[in-house]
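Everything below concerns the one structure shown next.
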Amino acid sequence: MDAQVAIHTATNWPAMPELKSFIISEQDHITHCLADGSYTWIYFSDREPLIYARRLCQVHALVGFEHFLRCNHSCMVNINYIKKLSGKIHQQFILADGTTVKISLRKKKDVTCFLHEKNLSEVA
């Protein structure tokens, strides 16, 4: 397995490389991730965001698909931090920290199915 996207085996947490070290973070502390070209901004509930030298799809595969949802081409959210789903036609998530994330029309059906599958219909 590529060391850049390894899972820390003792804790099952993603290990994200920094300049000369790795940040090992519990997945539950990642609130959302934003694509920025070939980089991804990872936002945490307990520390400053960091930029990671991997594409969003690689980060999504690293953290897993169970608790993270792609809501548009450039963003994924941790479903544990979704506070509210607002809007009828142009929907968006409001996260626990107040961040708003737009849901693309192409992902709208996938988002709705995912929320119902996870029994989060009170959000939707």
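The values are calculated or read from the model by the stated rules, or taken from the named source; none is laboratory data. These figures come from a predicted structure and were not determined experimentally. So basically every Cβ, Gly included, is an ideal-geometry build from the backbone, and we count neighbours across all protein chains shown.
Figures for the structure shown
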item	result
Residues located in segment 17-52, provided they are modelled with pLDDT of 50 or more, among the hydrophobic types (A, V, I, L, M, F, W, C) and more than 14 Å from the chain's Cα centre (by Cα)	F22, I23, I24
Flag for S86 being over 21 Å from L120 (Cα atoms), among the polar types (S, T, N, Q) and surrounded by fewer than 19 Cβ atoms within 10 Å (Cβ to Cβ)	no
Number of positions in segment 82-118 that are small (G, A, S) and modelled with pLDDT of 90 or more	3
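Residue-wise test of (1) under 22 Å from F114 (Cβ atoms); (2) of a type in the set (V, I, T); (3) touching an Asp or Glu at 6+ places or on another chain (Cβ under 6 Å).
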position: S38; (1), (2), (3): no, no, no
position: D46; (1), (2), (3): no, no, no
position: L50; (1), (2), (3): no, no, no
position: L56; (1), (2), (3): yes, no, no
position: V63; (1), (2), (3): yes, yes, no
position: E66; (1), (2), (3): yes, no, no
position: V77; (1), (2), (3): yes, yes, no
position: N80; (1), (2), (3): yes, no, no
